[in-house]
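What follows is one structure encoded as structure tokens, with my remarks underneath.
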Amino acid sequence: MASTTGYGVASVAPLDDSGRSAGAQTTERVTLSAPLGCTETGVDAYHLAPGDPIELSADREQVVVSLGQTASPTLDETPVPPQCVGRVPPDHHCTLDSERAVTVVVVTPVASTDADAATPDPATVDLVAVEYRVPTTSEIATARLTAPLGCTGLKTNARVLEPGQAVPTHTEGRQEELFVPLNGPAGMVVADERIETPPGTVVRVPPETPRSAFNDGDSDARWVMFGAPPTGTPEEWDPGAEILD
């Protein structure tokens, strides 16, 4: 689904059934970069079948988000539970496996990663245990994940929206943004169009398009967001971002 209300295109990809064969006994990969219109990131969904691992290896870093509610895939021997984010450094051969069927999203920057600046081993961050702070730009509790994960080609953050909260409407300077809702009620307003984004979807928004995430439910909603290219420092937003309300 795409929105084209006078701005750049914003696209939504549902993942629960995207490309999945009924009763599949083998792991399936669905490439989402083209359907989402991505220019700065590669996005793949893997429907992992139990006991059918895949190898993740690229000259760029890869960030892994599990969309399962109970299953915990592993990067080598490191679990990536539903409320965790994992990162595979560039040029690192890593096995992604799961004992139960689960869907994971893997995000890769298009631009080459500075391998010398990258951490050499896979890393994970627990999104429940990580520290959330309220930034100066909004009242939304935010966890900066770029440095803890060791990302060099992507900005990675997580946010928790309490019932009734909304991210201020804003544009980015240069960053393409990807939004991955993990749990709770989730929705967005993109270029004045309301988009339902339940867990199990990925949303891509180009830099110039106004966007806001909101929670109009009665429980907390947790999101993971990616920005590329990674402009600014790991602890700041895209320097060209502009708040519109």
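The values are calculated or read from the model by the stated rules, or taken from the named source; none is laboratory data. Keep in mind that what you see is a predicted model, and the values were worked out from it rather than measured. For neighbour counting, all protein chains shown are included, and Cβ atoms are generated from backbone atoms with ideal geometry for every residue, glycine included. Side chains included, ligands, DNA and RNA excluded: accessible areas come from the protein's heavy atoms. Shrake-Rupley method; radii C 1.70, N 1.55, O 1.52, S 1.80 Å.
Please turn the phi angles of segment 233-245 into ³J(HN,Hα) values with the Karplus equation 6.51 cos²θ - 1.76 cosθ + 1.60 (θ = phi - 60°), one per residue in order, whole Hz, x for glycine and proline.
These are the phi-based 3J(HN,Hα) values: 7, x, 9, 10, 6, 3, x, x, 5, 9, 7, 9, 9 Hz.
Rg and Dmax in Å for the chain, alpha carbons only: what are they?
That works out to 16.8, 49 Å for Rg and Dmax.
By per-residue mean of other Cβ atoms within 10 Å, what is the highest-first order of 82-94, 47-59?
Most protected by this proxy first, the peptides run 82-94, 47-59.
Can you run phi through the Karplus equation (6.51, -1.76, 1.60; θ = phi - 60°) for segment 226-232 and list ³J(HN,Hα) in whole Hz, with x for Gly and Pro?
Calculated HN-Hα couplings, in order: 10, x, 8, x, x, 5, x Hz.
Quickly estimate the mean residue ellipticity at 222 nm for the chain, helices only: each DSSP H run with n ≥ 4 gives -39500 (n - 2.57), and the total goes over all residues, rounded to 500. Kindly include the intermediate steps, with their values, before the conclusion.
On the way: 2 runs with 8 residues, N = 245.
Calculated at 222 nm, the ellipticity per residue is -500 deg cm²/dmol.
Under the rule of at least 5 residues apart or a separate chain, name every residue whose amide H is placed under 5 Å from the amide H of A49.
T27, E28
Which percent of Cα-Cα pairs in segment 141-204 sits in each 5 Å bin, short to long?
4, 13, 23, 29, 19, 10, 2
Which GluC sites (Glu not before Pro) in segment 143-245 pass both tests, a DSSP loop state and at most 10 other beta-carbon atoms within 10 Å? Don't skip to the end; give the middle numbers.
Details: sites: E172, E176, E177, E193, E196, E208, E235, E236, E242; in loops: E172, E208, E235, E236.
Passing sites in segment 143-245 are E235.
If you find the alpha carbon centre of segment 55-90 and of segment 171-245, how far apart are they in angstrom?
21 Å
When the distances between all Cα atoms of segment 127-245 are binned every 10 Å from zero, what whole-number percent does each bin get?
The percentages, shortest bin first, are 14, 50, 34, 2.
With a 1.4 Å probe and all protein chains left in place, how much accessible area per residue does the chain have, in Å²?
Details: 10500 Å² over 245 residues.
Accessible surface, normalised per residue, equals 43 Å².
Which distance in nm do the two modelled labels at E208 and E131 give, with both placed 7 Å along the Cα-to-Cβ direction?
In this crude spin-label approximation the distance works out to 3.9 nm.
Which of rounded, prolate, oblate describes segment 53-146, given a ≥ b ≥ c as roots of the alpha-carbon gyration tensor eigenvalues and a/c under 1.5 marking rounded, otherwise prolate only if a/b is larger than b/c? Walk me through the numbers before you get to the answer.
Details: a/c = 2.21, a/b = 1.19, b/c = 1.86.
Since a/c reaches 1.5 but b/c is at least a/b, the shape of segment 53-146 is classed as oblate.
Using a probe of 1.4 angstrom, how much of the accessible area of segment 122-245 is carbon and sulfur, in percent?
Ligands and nucleic acids excluded, carbon and sulfur give 50 percent.
With all protein chains present, how much of the accessible area of segment 26-88 (probe radius 1.4 Å) comes from carbon and sulfur, to the nearest whole percent? Can you show the working numbers first?
Values: 1180 of 2390 Å².
C and S atoms contribute 49 percent here.
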